[in-house]
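One structure is given here, and the rest of the page talks about it.
The values are calculated or read from the model by the stated rules, or taken from the named source; none is laboratory data. All values reported here derive from a predicted model rather than from experimental measurement. All Cβ positions, glycine included, derive from the backbone under ideal geometry; neighbour counts span all protein chains shown. SASA here: full protein model, heavy atoms, side chains in, ligands and nucleic acids out. Shrake-Rupley method; radii C 1.70, N 1.55, O 1.52, S 1.80 Å.
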Amino acid sequence: MERDRFEEEARRVRPRLVSEARRLLGDPDDADDAVQDAMLKLWFYRERLDGYSSFDAPAIVTVRRVCLNRLRSLRPHADISEAERAFEGEADGRDFQALMQAIDMLPGVEQAVLRMRHIDGMEIEEIASISSSTPGAVRTALSRARRRVRQLYTRIYD
């Protein structure tokens, strides 16, 4: 599926997905975040979407799964300076290896946002466009992904 078509389909189905996410999560802000996460997942599987007769079915299933995963996992976050140094490229080989391991352990959407921003070098606006979201929501998701990496990094590095 081409980018333009994906963006068009994402804009069309977004209100329905937000409604479904609000029904499951109860919080409008969480629902918007869940829809953004679902759109990012769908973006990474866009080649497979052409095999469906409708974009709606995989989009709804994906947003439901994202919502259920959110309801299942509420983790505390840690903030450590070693992971920040690794993000800035000032880490030694062991730090970098632990950081990459932590990124690989992230859920798919958080991993996608982090990789799109820090590895692929995409701008916040580009990620927002792909995920049919706002730049502010992308920044929030990116912040959450970074916090989770720091938490995972602590477990690996210690």
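Does Val109 meet the test of being at pLDDT 80 or above and at negative phi?
So Val109 does not fit the description; no.
Which number in (1) closer than 29 Å to Phe55 by Cα; (2) polar (S, T, N, Q); (3) modelled with pLDDT under 70 marks the one condition that Ser133 misses?
Here Ser133 meets the rest and fails (3).
So Ala10 passes all but one of these: (1) open to solvent by 60 Å² or more (accessible area, probe 1.4 Å); (2) small (Gly, Ala, Ser); (3) modelled with pLDDT of 90 or more. Which condition number does it fail?
(1)
For region 58-79, does any single residue satisfy the condition of being over 14 Å from the mean Cα position of the chain (by Cα), modelled with pLDDT of 90 or more and open to solvent by 40 Å² or more (accessible area, probe 1.4 Å)?
Just the residues of region 58-79 that are over 14 Å from the mean Cα position of the chain (by Cα), to begin with: 58-61, 64, 68, 71-79.
In the following step, the residues that additionally are modelled with pLDDT of 90 or more were identified as 58-61, 64.
Now drop any that are not open to solvent by 40 Å² or more (accessible area, probe 1.4 Å), which leaves 61, 64.
Yes, that holds for at least one residue.
I'm checking my understanding of the structure. Among residues of region 128-147 that are among the hydrophobic types (A, V, I, L, M, F, W, C), within 14 Å of Val35 (Cβ to Cβ) and open to solvent by less than 10 Å² (accessible area, probe 1.4 Å), which one is nearest to the chain's Cα centre (by Cα)?
Just the residues of region 128-147 that are among the hydrophobic types (A, V, I, L, M, F, W, C), to begin with: 128, 130, 137-138, 141-142, 145.
Retained after the next criterion (residues that are within 14 Å of Val35 (Cβ to Cβ)): 128, 130, 137-138, 141.
Then drop every residue that is not open to solvent by less than 10 Å² (accessible area, probe 1.4 Å), which leaves 128, 130, 138.
Values: Ala128: 11, Ile130: 11, Val138: 8 Å.
Taking the candidates together, the pick is Val138.
So which pairs qualify, if the first residue must be in region 1-28 and without any contact (Cβ under 8 Å) to a residue 24 or more places away in the chain, the second must be of a type in the set (Val, Ile, Thr) and in a helix (DSSP H, G or I), the Cβ gap must be under 9 Å, and the two must be at least 6 apart or on different chains?
Listed by first residue and then by second, the contacts come to Val18/Val35; Val18/Val63; Pro28/Val18.
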